[in-house]
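Report on the following structure.
The values are calculated or read from the model by the stated rules, or taken from the named source; none is laboratory data. Computed from a predicted structure; not experimentally measured. Every residue, glycine as well, gets a Cβ built from its backbone with ideal geometry; the counts of neighbours run over all protein chains shown. These accessible areas exclude ligands, DNA and RNA; they are computed on the full protein's heavy atoms, side chains included. Shrake-Rupley method; radii C 1.70, N 1.55, O 1.52, S 1.80 Å.
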Amino acid sequence: MLATDFLAFHEASRRNGIILSFGGDLSENVLFSLGEVLKLRMQQGATDAAVSKRVFSVFVEQAQNVIRYSADKLVPHGSPQGGMVSAGLIVVGIEDGRFFVACGNEVPGEHVTALRARLDHIAGLSGDELKQYYRERLRQPAEEGSLGGSIGLIEIARRSSAPVEYDFQARGDDRAFFCLKAFI
């Protein structure tokens with residue numbers, strides 16, 4: 001890739017309101033570093049503290065979902081869960097005067113139906129219903145196969161100013177590319 005290609009990418013990112021983007025192998029350590037950069041960007045932009053907190057929380061939840069659930073991951077032998085390195089993308093930007101956080105990663109094809117149903121359910125809930133669902137999920141054990149508390153997607157929806165947007169693009173290798181976008 002030549003400098004002109006990078007310049008075009010950089011200019012397109014600016015035109016599209018991107019303030020932070022990362023694509024590649026993501027780990028908890030990389031998440032921490034990106035989080036520090038995001039905090040600085042939000043401070044430089046004189047963003048309202050409450051909005052900054054919501055953007056940061058959604059960013060962390062989405063990045064953790066990439067780390068935990070990407071189908072393209074490396075887990076060093078004998079390493080704890082925190083040692084996972086997973087491939088994906090995460091972007092923070094401003095669109096129509098609102099912040100957004102979007103992520104994308106490959107998921108196993110057999111997970112798509114259940115994940116879509118879960119997202120459809122969450123997207124159909126009102127603010128009060130989301131609060132109630134969140135409280136119910138906190139009292140229940142984590143779902144089978146969950147590497148967290150099974151509340152990350154609910155947290156994202158609760159902190160969003162509109163229903164989350166999501167999509168799946170089937171791939172030929174029994175995987176799908178999953179994208180999730182939340183507006184704050």
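What pairs come out if I take residues in segment 35-56 that are touching a residue at least 12 places away in the same chain (Cβ under 8 Å) and pair them with residues that are among the charged types (D, E, K, R) whose C-beta lies under 8 Å away, six or more apart or interchain?
Filtered contacts from segment 35-56: SER52/LYS39; ARG54/ARG159; PHE56/LYS39.
Output yes when any residue across segment 20-28 is under 29 Å from GLY83 (Cβ atoms), assigned to a helix (DSSP H, G or I) and open to solvent by less than 90 Å² (accessible area, probe 1.4 Å), and no when none is. Spell out the reasoning first.
Initially, segment 20-28 is screened for residues under 29 Å from GLY83 (Cβ atoms), giving 20-28.
Next, from what is left, pick out any that are assigned to a helix (DSSP H, G or I): 28.
Add one more test, that the residue is open to solvent by less than 90 Å² (accessible area, probe 1.4 Å), and what stays is 28.
Yes: segment 20-28 contains one or more residues that are under 29 Å from GLY83 (Cβ atoms), assigned to a helix (DSSP H, G or I) and open to solvent by less than 90 Å² (accessible area, probe 1.4 Å).
Restricting to segment 163-184, count the residues that are without any contact (Cβ under 8 Å) to a residue 60 or more places away in the chain and part of a loop (DSSP other than H, G, I, E, B).
Selection size over segment 163-184: 4.
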